[in-house]
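Chemist: Have a look at the structure that comes next, please.
The values are calculated or read from the model by the stated rules, or taken from the named source; none is laboratory data. Predicted model only: the values in this text are computed from it and were never measured. Neighbour counts are summed over all protein chains in view; Cβ atoms, including those assigned to glycine, are modelled from backbone coordinates with ideal geometry.
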Ligand SMILES: NC(=O)c1ccc[n+]([C@@H]2O[C@H](COP(=O)([O-])OP(=O)(O)OC[C@H]3O[C@@H](n4cnc5c(N)ncnc54)[C@H](OP(=O)(O)O)[C@@H]3O)[C@@H](O)[C@H]2O)c1
């Protein structure tokens, strides 16, 4: 009797875990036929995680793919792997540190001088729940890298992207944007700092930026998309693991249930490739479908105010850029 109960319990747990795993894997973008020959794609943070998996997929479709990474050794290893796996030799590596306005300006200058076109920009790089660190220019690290770095980068590349229209700008956000609010009174997080709150703020800023950008680009043929990629087993949790033993244990079990990086890249690929999205702009996606973001993410006053503040913080339009 005891044996039977044990067997039934084990089978039920296994079936439950298999169902949970299937659910967590999310939706796969089943279009593998659309080609990107002749298109140039730029992906930030493409040496690992979902950025690298996105690069592999788009390289398979024939795109010229620029991997914008802060560590050129890691970028070279990733590029060699992508070339081997896809047979596409048109994989370029360039140094970009989104925690440095100087690095962003040098990078954008190089792209503008040497690339004839830029069809798809994917603002993918991110940092999550780090200690209270500051960027080279004194911004709180998560807001600085995840939002301000991509804000400046996109704006500096905008003429080239417009020249390449129809073109797309994709910004990888997170479901955690729903927990965020833009703390205009303490945007440098000097009065208080909470790693989770700051990450959520930066991911809310990603959705607001994408929506505001869509409005400003109306009629140009450039469309924008933001997205939640799912819960994925990547290196993004590198700073969490230092936090607590309980979290460490949960993460080591949970990594077998959540999305693989390849599964996590599906919505980014969908936004980059899906032809029916050509007429859409400023919207938010998850699991290869449009979703409604949080109330604050839809607030036009907040997105406009954040744009103006971001311009001031990165020194855009003041003659320094
Ligand atoms: N994983 C998830 O469950 C999840 C969920 C929701 C949203 N997201 C979002 O998905 C995106 C990709 O994350 P991931 O999960 O693939 O994480 P990941 O494996 O940690 O990859 C992040 C990438 O960003 C790069 N990066 C970090 N700081 C940078 C900087 N200052 N300058 C340039 N590049 C920098 C990293 O470079 P290094 O390798 O040199 O550090 C790495 O290439 C992020 O925007 C993240 O917020 C992820």
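Listed here are the residues, each with its yes/no results for (1) part of a helix (DSSP H, G or I); (2) under 23 Å from the mean Cα position of the chain (by Cα).
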residue	(1), (2)
191	no, no
198	yes, yes
204	yes, yes
209	yes, yes
223	no, yes
237	yes, yes
247	yes, no
251	yes, yes
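Chemist: Tally time: how many residues in the range 162-176 are part of a helix (DSSP H, G or I), under 18 Å from the mean Cα position of the chain (by Cα) and more than 16 Å from the ligand (Cβ to nearest atom)? Lay out the reasoning, then the answer.
Modeler: Step one: list which residues in the range 162-176 are part of a helix (DSSP H, G or I), which gives 162-163, 175-176.
Still in the running and under 18 Å from the mean Cα position of the chain (by Cα): 175-176.
So of that shortlist, the ones also more than 16 Å from the ligand (Cβ to nearest atom) come out as none.
Final tally of qualifying residues: 0.
Chemist: Still on this structure, please answer the following. Among the residues of the range 221-250, which ones are surrounded by 15 or more Cβ atoms within 10 Å (Cβ to Cβ) and out of contact with any strand residue (DSSP E or B) (no Cβ under 8 Å at 6 or more places or on another chain)?
Modeler: 234, 236, 237, 239, 240, listed by residue number.
Chemist: Do you know which residues across the range 124-138 are within 11 Å of the ligand (Cβ to nearest atom) and over 13 Å from the mean Cα position of the chain (by Cα)?
Modeler: Across the range 124-138, the qualifying residues are 129, 130, 133, 135, 136.
Chemist: Kindly indicate which of 243, 218 is modelled with pLDDT under 95 and part of a loop (DSSP other than H, G, I, E, B).
Modeler: Of 243, 218, the one residue that is modelled with pLDDT under 95 and part of a loop (DSSP other than H, G, I, E, B) is 243.
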